Amino acid sequence: MDNLTLEQRNVLDYSRPAPANILDTMRSASESLRSEPEPLRATLSPAEPYPVDALGNVLGTAAKAIHESVKAPLALCCQSVLAAASLAAQAHFDVLLPWGERKPLSLFLLTVGESGERKTGVDDLVLGAAKVQERAAMEGYAEDLKLYQEELASWNQATEAARKAVTNGKKGTVTAREVQVAVGRCGDKPEAPIVPLRFMTDPTVEGMYKQLVQGQPSVALFSDEGGLLIGGHALNSDNALKTMARWCKLWDGSPFDRVRAGDGAGVLYGRRMAFHQLAQPDVMATLLSDRMANGQGLLARCLVAWPDSTIGTRHIKAYEWPGNHPALKRLFAVFKGLMEAKPRSGKSEQELDPVELPLTDDAKSLAVAANNQFETLMAPGAELAELRDRTSKAVENACRIAGVLAVIEQGLSVREIGEDHLGRALVLVQWYLKETLRIKTMAQVPAEITDAEALMRWLQGRNMRQFCSVQVMQGGPNRLRSKSTFEAAIKVLGEGGYVGRLPDGQVIDGKSRRLSWEVFHYVV
C-alpha cells in the first residue's frame, strides 16, 4: 500500500469520496450501457416545400428574394409577405363568395420559427415601409391633434357664450329651440383627427375597441414575438374566450359591438383586421393544442406554417441589404400605393365600404369542383376527416387569398377574381391543409408530456443529476408544485428512461430523502 499513488489510495479507500474525474468516468460508463430513452413526443416529419410560385410574380418573387438574402425559411418569408398583402388589400376590397356572402380579404396566419430563425428580420423588412409611413403620419397627427384641441376649446367657449347670451336678461322661460339656434350659429363641433395607428401587438378586446373608435378602420394584429399575445393578458384564462370570439367575428366581417355599464354602448361597422403571429415552437404549440382555440373556431380560420429550420445552412458570400432587390422595391411600391390610397367609406371615414370582388363564371365553376373534392376528403376515414373544421373553410380561405392576389397584381382597378387567381389560391390552401395534418401530432400533446418536459428543463438549467420531490414541490415550476401533476410527470420520465428511482434514504441536499431520483438523460 505504501507504494500506491495518492489517486490509487483514494480509489481503494471507500471511506473517502472518490475524485470527481473518477465519478464522471463511472457515470459515463453506466450511461453508455443504458439504452437510449424513448422520445416523449412524435418527431415532426420534414415539411413539403411551400408552393411559392402560386403567390405570383409580385408576392412570390419578393418572398424568394427575402429567403435568398435573409436566409430565413422560405415558408416564413411567404407567410410574412402574404399577411402584409392582406393588410394592404382589406381596406379596399371584399370578396363576394360564390354562394353570395360578402367577406373581408383579411387573412389569419400563424408561423412557427425557432429562436434565431430571423423572424424579426423578415417581418421588419416586409413591414418596414408601412411602419415608416405610420411613424411619419403620427408626427403629422401630433400637429393635427394640437390644432383640434385649440379649435375645440374655442368652440366650447363660443357655445357657452351663446347660451348665456340667450338666457341673460330673459325674464320668461327660454326654449330649447332658442338655445339650439344660438349654439348653431357657432358652427359644427370640430372633429378629432383619426389616429393613424394600424399595427397592434397584444391588445385586449377593450383596447382593440378603443383603437378602432379613435384610429384607422383597417388594422393588423401582427407580432414577431407571438408569446406576447399567446401568453399575455388577452389570452389568459379569464379573457381567452371573449378574445378569440371577437377575432373570429372580425375575420367574418361582423360589426364590433360593445355594451358596458361604465362607458355605454357602441357598434363599429366596416372594420377590418389582418392577423399574423410568429412564435417559437413551444409557444405556438400551446395555442395549436388549446382546446378552446380549436373549439371556438379560431384555428379553423388560420393558415399555419411550421417550416424546417435553416439554421446551420445560412452561409453567405457577402452582406447585402435585401431592400435593394428589385423584387422588393416593386413589392414596397405596390404596398405603398394601396396603403396610401383613400379607401371607400360609408357614413364616416372610419366605416369602410370596400368594393365587392365577385368570381368570374370560370372561377365559380372551379370553386364548385374544389368544394366537392374537399367534401369527399372529409368523409369518414378519408384524408381530411380529422380536419373537418379547417377543410370546411378551405374554399372561403382560397377565395380570400385569390382576392388578395388579384388586388396585388392588378391594383385598385381590379373588379373580379378570375380562374387563374383562384386556381393558385387553391394550390396554397391545399398546402396549408397538408401542413396542418403534418403538425397535428406535434400540437396535440398531453399535459403530462409538457409537464415532464418543463421538469427536465428546470433540472437541466440547474445541472441537477439527482433530485428529490421536496425540491421540485417547493422550488420547481409552478404547475409542478401539485402532487398529482408532479407524479404524472415523473411517471412519464421514468417510463421513457430519463430518470430512475433512487433507494429510500438517499442523501439529497444534505438530507435523507424518501422520494428521490437520478437523471439518466435530459430531454432533447
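In table form, for the structure just shown:
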| item | result |
| --- | --- |
| Most to least packed among 409-418, 79-88, 488-497 [average Cβ atoms within 10 Å] | 79-88, 488-497, 409-418 |
| Dipole of the range 447-524 [Lys/Arg +1, Asp/Glu -1 at C-beta], most positive-end residue of His521, Asn478, Tyr498 | Asn478 |
| Simple Cβ-charge dipole of the chain, Lys/Arg +1 and Asp/Glu -1, about Cα centre, in debye nearest 20 | 1280 |
| Rounded to 10°, Cα long-axis angle of helix 361-377 versus longest principal axis of the chain | 30 |
| Nearby aspartates and glutamates by direct alpha-carbon distance to Lys434 (threshold 18 angstrom, same-chain neighbours under 8 apart not counted) | Glu48, Asp53, Asp308, Glu375, Glu383, Glu386, Asp389, Glu396 |
| 21 Å Cα-Cα reach of Lys164 towards lysines, excluding residues that sit fewer than 8 places from it in its own chain | Lys189 |
| Cβ-based net charge around Thr436, under 14 Å, with every Lys or Arg adding one and every Asp or Glu removing one | +2 |
| Of Lys210/Lys342; Lys210/Lys329; Lys71/Lys364; Lys146/Lys242, those spanning more than 30 Å from alpha-carbon to alpha-carbon | Lys210/Lys329; Lys71/Lys364; Lys146/Lys242 |
| Alpha carbon centroid spacing (whole Å) that separates the range 170-245 from the range 467-524 | 51 |
| Extension gain from Asp361 to Ala161, taking 0.36 nm per residue of separation minus the Cα-Cα distance | 65.6 nm |
| For the chain, calculated [θ]222 nm from helices alone, where every DSSP H run of n ≥ 4 adds -39500 (n - 2.57) | -16500 deg cm²/dmol |
| Relative contact order %, the range 447-524, counting alpha carbon pairs below 8 Å whose residues are six or more apart | 35 |
| Listed peptides 328-334, 309-315 by packing density, highest first (mean Cβ within 10 Å) | 328-334, 309-315 |
| For the range 195-286, alpha-carbon Rg relative to the globular expectation (2.2 N^0.38 Å, N residues) | 1.08 |
| Packing-based order for 208-221, 176-189, using average beta carbon neighbours within 10 Å, highest first | 208-221, 176-189 |
| Spherically averaged projected area of the range 384-517 from its Cα convex hull (nm²) | 12.8 |
| Viscosity 0.692 mPa s, 37 °C: Kirkwood-radius Stokes-Einstein D of the chain over Cα pairs, µm²/s | 120 |
| Projected-area average for the range 447-524 over all orientations - Cα convex hull basis, square nanometres | 4.6 |
| Volume in Å³ per residue [convex hull over Cα atoms, computed for the range 214-370] | 221 |
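A short reminder: the numbers here are calculations on the coordinates, not readings from a lab. These figures come from a predicted structure and were not determined experimentally. Every residue, glycine as well, gets a Cβ built from its backbone with ideal geometry; the counts of neighbours run over all protein chains shown.
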